[in-house]
Amino acid sequence: MSLLVIGSVAFDAIETPFGKTDKIIGGAATYIALSSSYLANKVNLVAVVGGDFPKEDIKLLQDHGVDTEGLQVKEDEKSFFWSGKYHNDMNSRDTLVTELNVLADFDPVIPASYQSSEYVMLGNLSPDVQRKVIERMENKPKLIAMDTMNFWMDIAREELDKTIAMVDVLIINDEEARQLSGEYSLKTAATKIMAMGPKYLIIKKGEHGALLFGEDKVYCCPALLLESVFDPTGAGDTFAGGFIGYLAKTDDTSFSNMKRAVIYGSTMASFCVEKFGAERIVNLSDSEINSRVQEFIDLSQVKISL
């Protein structure tokens, strides 16, 4: 099944306790598209970049089977740029620079060839832009998933609520779930958030795994204990890509299959953090992915005789 990915394709400059980078390819849609490309049969990209964005990085996406017809290139403008510095715990960071540039007035255009996309992943963008994508789909997708962040909860809550009401799956972290719901208990928070519209909710907990809620059920996916974590940038987007990519591959939106999709999302995210930026998820092999999926399966399987 084909997948439509919407989000930012951008430049990042990253500093962690393990080193720093100059400008490298980043953006939510970049991570989602690369991650999902290992699973989905066809990945369609809608985003915008400036004339400064390297053609070789666009080719990198294309080499992964990502269709870039929906990637707008504004030759006389600059691409979105973000720079950040992570603290020693790698769970918190300081934003040093944010330059919206082409993203400031991004108006998503859905090419005719994308209109039949059965699955849609709305990467982190303004809820107004995310909603435009939904409204501009001529055919109703089988499933729409959405990512967002506390920034939009702070400055665009009304618009955010409208967009959340239109999606099937919401993907956020535990801090965002508590802010969105006003509840500390994640179980209570999930109930309130799903009452806003989504049938399913994924709450990411970083190094502590992820929770899937839906159909009056809860699934807890464990986290993999890694030997090295160099850079958490894009890990959440890579998770989203693995999750939606697996659903698009299997064309099964049941709760039991979403549990498998969460494992694939967690698998892809575990690769992402092992190197800076998207470097680790560019040249993965099927055997690497399968081996790590098996590690997650082994973590979550326990036989007990009662």
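Check region 52-61 and report whether any residue there is without any contact (Cβ under 8 Å) to a residue 60 or more places away in the chain and either under 14 Å from Ser2 (Cα atoms) or in contact with an Asp or Glu (Cβ under 7 Å, 6 or more places away or on another chain) (or both).
Initial filter on region 52-61 (without any contact (Cβ under 8 Å) to a residue 60 or more places away in the chain): 52-59, 61.
From what's left, either under 14 Å from Ser2 (Cα atoms) or in contact with an Asp or Glu (Cβ under 7 Å, 6 or more places away or on another chain) (or both): none.
No: region 52-61 contains no residue that is without any contact (Cβ under 8 Å) to a residue 60 or more places away in the chain and either under 14 Å from Ser2 (Cα atoms) or in contact with an Asp or Glu (Cβ under 7 Å, 6 or more places away or on another chain) (or both).
Which residue is surrounded by the most Cβ atoms within 10 Å (Cβ to Cβ), if the candidates are limited to region 95-152 and must be among the aromatic types (Phe, Trp, Tyr) and under 18 Å from Ser8 (Cβ atoms)? Spell out the reasoning first.
Of all residues in region 95-152, those among the aromatic types (Phe, Trp, Tyr) come to 106, 114, 119, 151-152.
Imposing the further condition that a residue be under 18 Å from Ser8 (Cβ atoms) reduces the set to 106, 114, 151-152.
Values: Phe106: 21, Tyr114: 24, Phe151: 13, Trp152: 20.
So, considering only residues that are among the aromatic types (Phe, Trp, Tyr) and under 18 Å from Ser8 (Cβ atoms), the one surrounded by the most Cβ atoms within 10 Å (Cβ to Cβ) is Tyr114.
If we keep just the residues of region 196-231 that are of a type in the set (Asp, Glu) and free of Cβ contacts under 8 Å to residues at least 40 places away in the same chain, which is surrounded by the fewest Cβ atoms within 10 Å (Cβ to Cβ)? Lay out the reasoning, then the answer.
Within region 196-231, the first condition is being of a type in the set (Asp, Glu), and the residues that meet it are 207, 215-216, 227, 231.
Applying the additional criterion that residues be free of Cβ contacts under 8 Å to residues at least 40 places away in the same chain yields 216, 227.
Working: Asp216: 7, Glu227: 5.
If we take residues in region 196-231 being of a type in the set (Asp, Glu) and free of Cβ contacts under 8 Å to residues at least 40 places away in the same chain, then Glu227 is surrounded by the fewest Cβ atoms within 10 Å (Cβ to Cβ).
Just to be sure I understand the filter: pairs with C-beta atoms under 9 Å, separated by 6 or more residues or on different chains, first member in region 32-51 and at pLDDT below 95, second member aliphatic (A, V, I, L, M). Which pairs pass?
Asn41/Met1; Asn41/Leu3; Asn41/Ala248
Scanning for something at pLDDT 95 or above, surrounded by fewer than 23 Cβ atoms within 10 Å (Cβ to Cβ) and either in contact with a Gly (Cβ under 9 Å, 6 or more places away or on another chain) or not in a loop (DSSP other than H, G, I, E, B) (or both), does region 236-248 turn up at least one residue? Break it down stepwise before answering.
Start the filter on region 236-248 by keeping residues that are at pLDDT 95 or above, which leaves 236-248.
Next cut, surrounded by fewer than 23 Cβ atoms within 10 Å (Cβ to Cβ) only: none.
No: region 236-248 contains no residue that is at pLDDT 95 or above, surrounded by fewer than 23 Cβ atoms within 10 Å (Cβ to Cβ) and either in contact with a Gly (Cβ under 9 Å, 6 or more places away or on another chain) or not in a loop (DSSP other than H, G, I, E, B) (or both).
How about region 3-13: which of its residues are out of contact with any Phe, Trp or Tyr (no Cβ under 6 Å at 6 or more places or on another chain), among the hydrophobic types (A, V, I, L, M, F, W, C) and crowded, with 21+ Cβ neighbours inside 10 Å? Full working, then the answer.
Looking only at region 3-13, we keep the residues that are out of contact with any Phe, Trp or Tyr (no Cβ under 6 Å at 6 or more places or on another chain), and these are 5-7, 9, 13.
Applying the additional criterion that residues be among the hydrophobic types (A, V, I, L, M, F, W, C) yields 5-6, 9, 13.
Correct list: Val5, Ile6, Val9.
When region 19-36 is examined, which residues are found to be part of a strand (DSSP E or B), at positive phi and within 18 Å of the chain's Cα centre (by Cα)? Give the derivation first.
First, the residues of region 19-36 that are part of a strand (DSSP E or B): 19-20, 24-26.
Of the ones still in play, those that are also at positive phi are 19.
Answer for region 19-36, where residues must be part of a strand (DSSP E or B), at positive phi and within 18 Å of the chain's Cα centre (by Cα): there is none.
Residues in region 171-192 that are buried (at least 22 other Cβ atoms within 10 Å of the Cβ), in contact with a Leu (Cβ under 9 Å, 6 or more places away or on another chain) and part of a helix (DSSP H, G or I): how many?
Quick first cut of region 171-192, residues buried (at least 22 other Cβ atoms within 10 Å of the Cβ) only: 171-172, 176-177, 180, 189-190.
Those left that are additionally in contact with a Leu (Cβ under 9 Å, 6 or more places away or on another chain): 171-172, 177, 180, 189-190.
Cutting the leftovers down to part of a helix (DSSP H, G or I) gives us 177, 180, 189-190.
Counting residues in region 171-192 that are buried (at least 22 other Cβ atoms within 10 Å of the Cβ), in contact with a Leu (Cβ under 9 Å, 6 or more places away or on another chain) and part of a helix (DSSP H, G or I) gives 4.
The values are calculated or read from the model by the stated rules, or taken from the named source; none is laboratory data. Every value quoted in this text rests on a predicted model; they were computed, and no experiment measured them. Counting neighbours? That spans all protein chains shown, and the Cβs are built from the backbone with ideal geometry, glycine included.
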